[in-house]
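The values are calculated or read from the model by the stated rules, or taken from the named source; none is laboratory data. Owing to the predicted nature of the structure, the values given are computational and were not obtained by experimental measurement. For neighbour counting, all protein chains shown are included, and Cβ atoms are generated from backbone atoms with ideal geometry for every residue, glycine included.
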């Protein structure tokens, strides 16, 4: 019986830990920033949604350039640069005194987060054995999903007992831990050939956006829009329903479900292929959002957390694993960047667009509409990813058979 290649190495654990902590900071702030803008800066709901979403514009700018720069200047150097900038711009929240200043700080903070998270997601590819890519990335991505649950949980809980400045102080301490951890992290840099180096140095669109992952990235954008209503407005929605305690526990339930589902999804990804685990994520996300649209009691809100975790939490890691599967090693940085640009863009524009819909349709209409949209994401996945992939495979097989006949 063949021995499995080791997965849980020191560098795999350290990079996963750093990624977990930077996402904790991101999710802690994104879930409370709209409420903070409304109560402290007298923002409207759409303005508060912009305060939550403008962070993603900074992230997009960073990701578009970071994917190329990571391989050009070195993965560890970019990790250092991103962490320091993320730390400094997090400190700047202490000096926010108006909505316009909030927008600027959120935008700059998004740049720091974008560079750092792209670096950690690229570094991890070098820490995982080829035979365990799906499993390894799902374990790694568990750090993001757990942070997506624990971050909002901590943020909403702290918001009820301490001031915003204390929350920022906590986040600064977390990022200092990240900086220390990154120093002892060994990073496997990709040795670029002269041809690859010349290719990356070219100022072309393909060096900022990876064509091989266009399909799965577009699907990720729409999945991000669907989930953004949960991330941006669940705190406000649970207050409106007088279910604030359940709203806080929603993310704990989400974390528990993702913790159980991710390892299983990773193994199935390697053994049964991406479609086997990806199609059910759209159905689960849709069910979770539709339950939210009719929620009146705590148990319904928590049940929605189960399905949203199985849906969005599992899709996010599978999408990243697909990107790594589709691209050669020297293009992984650009591929991961492209994927998360699309996902983050959906998370960023979602709260702003959905905020406009709130006066007309209410939260019930928002969650019902995004639930239906989640099902349509499954159709989109088939049309722009599965069908072209299968056609390409069939064409390659036909050409291979033709070649073998000629050889005979």
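For segment 226-241, indicate whether the set of residues that are out of contact with any helix residue (DSSP H, G or I) (no Cβ under 7 Å at 6 or more places or on another chain), assigned to a helix (DSSP H, G or I), at pLDDT below 85 and under 26 Å from residue 364 (Cβ atoms) is non-empty.
yes
Has segment 295-314 got any residue that is over 30 Å from residue 122 (Cβ atoms), in a loop (DSSP other than H, G, I, E, B) and in contact with a helix residue (DSSP H, G or I) (Cβ under 7 Å, 6 or more places away or on another chain)? Even if it seems obvious, please write down each step before you answer.
Within segment 295-314, the subset over 30 Å from residue 122 (Cβ atoms) is 295-307.
Add one more test, that the residue is in a loop (DSSP other than H, G, I, E, B), and what stays is 295-297.
When the remaining residues are screened for being in contact with a helix residue (DSSP H, G or I) (Cβ under 7 Å, 6 or more places away or on another chain), the result is 295.
Yes, segment 295-314 contains at least one residue that is over 30 Å from residue 122 (Cβ atoms), in a loop (DSSP other than H, G, I, E, B) and in contact with a helix residue (DSSP H, G or I) (Cβ under 7 Å, 6 or more places away or on another chain).
What single numbered condition from (1) crowded, with 20+ Cβ neighbours inside 10 Å; (2) within 22 Å of residue 172 (Cα to Cα) fails to hold for residue 75?
Checking residue 75 against (1) crowded, with 20+ Cβ neighbours inside 10 Å; (2) within 22 Å of residue 172 (Cα to Cα), the one that fails is (2).
Any residue at all in segment 37-48 that's in contact with a helix residue (DSSP H, G or I) (Cβ under 6 Å, 6 or more places away or on another chain), more than 25 Å from residue 338 (Cβ to Cβ), without any contact (Cβ under 8 Å) to a residue 60 or more places away in the chain and not in a helix (DSSP H, G or I)?
yes
Considering each residue of segment 284-305, count those that are modelled with pLDDT of 95 or more and under 19 Å from the mean Cα position of the chain (by Cα), and give that number.
Residues meeting the conditions: 5.
Every residue in segment 131-171 that is under 25 Å from residue 39 (Cβ atoms) and under 21 Å from the mean Cα position of the chain (by Cα), please.
Taking segment 131-171 as the starting set, the residues that turn out to be under 25 Å from residue 39 (Cβ atoms) are 147-171.
Passing the criteria: 147, 148, 149, 150, 151, 152, 153, 154, 155, 156, 171.
Residues in segment 283-294 that are in contact (Cβ under 8 Å) with a residue 40 or more places away in the chain, surrounded by fewer than 24 Cβ atoms within 10 Å (Cβ to Cβ) and assigned to a helix (DSSP H, G or I): how many?
Total meeting the criteria: 5.
Looking only at segment 328-341, which residues are at pLDDT 85 or above and surrounded by fewer than 24 Cβ atoms within 10 Å (Cβ to Cβ)?
Scanning segment 328-341 gives no hits.
I'd like to know if segment 336-356 contains one or more residues that are without any contact (Cβ under 8 Å) to a residue 40 or more places away in the chain and assigned to a helix (DSSP H, G or I).
The first filter runs over segment 336-356 and keeps only residues without any contact (Cβ under 8 Å) to a residue 40 or more places away in the chain, leaving none.
No: zero hits.
To keep it simple, each residue is scored yes or no on (1) free of Cβ contacts under 8 Å to residues at least 40 places away in the same chain; (2) in a helix (DSSP H, G or I); (3) touching a helix residue (DSSP H, G or I) at 6+ places or on another chain (Cβ under 6 Å); (4) within 20 Å of residue 10 (Cα to Cα).
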site: 86; (1), (2), (3), (4): no, yes, yes, no
site: 94; (1), (2), (3), (4): no, yes, yes, no
site: 100; (1), (2), (3), (4): yes, yes, no, no
site: 106; (1), (2), (3), (4): no, yes, yes, no
site: 109; (1), (2), (3), (4): no, yes, yes, no
site: 120; (1), (2), (3), (4): no, yes, yes, yes
site: 125; (1), (2), (3), (4): no, yes, yes, yes
site: 137; (1), (2), (3), (4): no, yes, yes, yes
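Go through segment 342-368 and report how many residues are surrounded by 17 or more Cβ atoms within 10 Å (Cβ to Cβ), modelled with pLDDT of 85 or more and more than 21 Å from the chain's Cα centre (by Cα).
Matching residues across segment 342-368 total 3.
Based on what the data block shows, is residue 81 farther than 13 Å from residue 113 by Cα, out of contact with any strand residue (DSSP E or B) (no Cβ under 6 Å at 6 or more places or on another chain) and in contact (Cβ under 8 Å) with a residue 12 or more places away in the chain?
No: the conditions fail for residue 81.
Please count how many residues of segment 254-267 are in contact (Cβ under 8 Å) with a residue 60 or more places away in the chain and crowded, with 20+ Cβ neighbours inside 10 Å.
Looking only at that region, the number is 6.
Take segment 57-67 and flag every residue that is without any contact (Cβ under 8 Å) to a residue 60 or more places away in the chain and buried (at least 20 other Cβ atoms within 10 Å of the Cβ).
Within segment 57-67, the first condition is being without any contact (Cβ under 8 Å) to a residue 60 or more places away in the chain, and the residues that meet it are 58, 61-62.
Of everything in segment 57-67, those that are without any contact (Cβ under 8 Å) to a residue 60 or more places away in the chain and buried (at least 20 other Cβ atoms within 10 Å of the Cβ) turn out to be 58, 62.
Which of the residues that make up segment 371-384 are within 17 Å of residue 218 (Cβ to Cβ) and under 22 Å from the mean Cα position of the chain (by Cα)?
Within segment 371-384, 373, 374, 375, 376, 377, 378, 379, 380, 381, 382, 384 qualify.
Residues to consider are 54, 70, 32, 24; find the one that is assigned to a helix (DSSP H, G or I), buried (at least 20 other Cβ atoms within 10 Å of the Cβ) and at pLDDT 90 or above. Don't jump to the end; show me each part of the working.
On the way: 54 fails: at pLDDT 90 or above; 70 fails: at pLDDT 90 or above; 32 fails: at pLDDT 90 or above.
On inspection, the qualifying residue turns out to be 24.
So residue 90 ticks every box in (1) buried (at least 22 other Cβ atoms within 10 Å of the Cβ); (2) within 20 Å of residue 317 (Cβ to Cβ); (3) more than 17 Å from the chain's Cα centre (by Cα) but one. Which box is left unticked?
Of the numbered conditions (1) buried (at least 22 other Cβ atoms within 10 Å of the Cβ); (2) within 20 Å of residue 317 (Cβ to Cβ); (3) more than 17 Å from the chain's Cα centre (by Cα), the odd one out for residue 90 is (2).
In segment 152-190, which residues are part of a loop (DSSP other than H, G, I, E, B) and either over 27 Å from residue 228 (Cβ atoms) or touching a residue at least 12 places away in the same chain (Cβ under 8 Å) (or both)?
Correct list: 184, 185, 186, 187, 188, 189, 190.
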